[in-house]
1. Work out, step by step, the length gained on full extension between Arg186 and Arg150: first 0.36 nm times the residue separation, then minus their alpha carbon distance; give nm to one decimal.
2. Could you work out how far apart the two model spin labels at Ser94 and Thr311 are, taking each label as a point 7 Å from the Cα in the direction of the beta carbon, and quote it in nm?
3. Between Asn120 and Thr294, what is 0.36 nm times their sequence separation minus the Cα-Cα distance? Round to one decimal in nm.
4. Give the shape of the range 189-280 as rounded, prolate or oblate, defined through the alpha-carbon gyration tensor: a ≥ b ≥ c are the square roots of its eigenvalues, a/c under 1.5 means rounded, and otherwise the shape is prolate if a/b is larger than b/c and oblate if not.
5. Which shape class applies to the range 70-180: rounded if a/c is under 1.5, otherwise prolate when a/b exceeds b/c and oblate if not, where a ≥ b ≥ c are the square roots of the Cα gyration tensor eigenvalues?
6. Highest mean first, what order results for 261-269, 117-125 on Cβ atoms within 10 Å?
7. Starting from 0.36 nm per residue, how many nanometres of slack lie between Ser86 and Asp111 once their C-alpha separation is accounted for?
Amino acid sequence: MRQDKRPDILIAGAQDSVSGAILIPEGAQEVPMTFRLSPFFLAVLLLFVHCEQLGLTSSDDDSSTNLALLLAAAALTANPCTSSISAGAVGANSSLSLASGCVSGVSSSMDSSLPSWIRNNFKCSVGYTVSGYYCFKSLNLVNAHSAYYRSGSLNEAFNTGGGKNQNPNTISSQNFVYAIPSSPTRNTGSLTGTQGGLVSIGIGVNGLAVFNNAAAPPDTLSVEALTFDDQEGHPENTGSYHHHSQFINGDGAGGTPASVNLTTLGSGANLIGIALDGYAIYGQYCQGQGGNATGLDAYHGHTTTTAEFTTPTYHYHYGGNGTGGGNDTTAGIPTLMGSFFYGNVGKVSN
């Protein structure tokens, strides 16, 4: 059984002979959308600039134009939420504990500039706004006991019932920075795939990363789900814990196992998080319909009212095949998101 892995290079794929686009292998979840220069590419770029300054390159204007375009592209894809605001600081897993619903040392703060549906529901991350974006910074540490902590007071035995098998990875602190559109809009052009090389496709109400509906080939997510812990998540090989499918919001009172599964909750508040395109993600239940969501599009979404939105608003639901709780075609199990975003996506880095 293969586990989630992060590629060692930014893009690994063939180039389409017609469009010139890089074809990312399905399931390649862990490559950031934000622009990153590999050490080799950065060295080449610096050498190019140095040679230009010394007059060692061609006098043709094309090289300077290409460099200007490259730098402009980097500026356009930069994450606007990379401020000095800290998401906290933690030690080794062996020293971690739970405090106020989050791991000790993890900052939990939502700025007053954020809308109430975010301020009243999100925790274990730092939220604020910049022009046009909701910003979230998260250390991405699961706020619960998990076998994937491996040691310390937050470690627990892995539940092997039903043929489950723990993957070899260990939870570690991350540095996720999300820039999510504060006024989401439908993408009327070429759709953005959730499997297109993003380090995360959304953030949960407990600060944890949301991943797509694909597994590392040749597995499907229905097979990879056998490695999920009691919180219905797992880490990939760089230690980034995440959810693809069911979503449990941390431990219960006194550190006991959580009893509220937001994805399968039959009624009431079941906001799971926000996708990278700015639309909310809910469990299978839809308050606007008074039951499990129906009429979902290919992206797992529809437009109706929710507990947070009294005006009909587009949002996603856990599920697939048109219904809340239904199986996603790609995954073979219900998932938090489908294969594409409905809206225009923001930026995320780690």
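Each value in this text was obtained by applying a stated rule to the coordinates, not by laboratory testing. Treat the numbers as computed from the prediction; the structure is a model and nothing was measured. Because the Cβ atoms are built from the backbone with ideal geometry, glycine has one as well, and the counts that use them run over all protein chains shown.
1. Full extension of this stretch gives 8.8 nm more.
2. It works out to 5.5 nm between the two label points.
3. 60.0 nm
4. Numbers: a/c = 1.92, a/b = 1.32, b/c = 1.46.
Here the range 189-280 falls in the oblate category.
5. Prolate shape, in that a/c is at least 1.5 and a/b is the bigger ratio.
6. With the highest mean Cβ count within 10 Å placed first, the list reads 117-125, 261-269.
7. Details: separation 25, 0.36 × 25 = 9.00 nm, distance 1.32 nm.
Result for the pair: 7.7 nm of gain on full extension.
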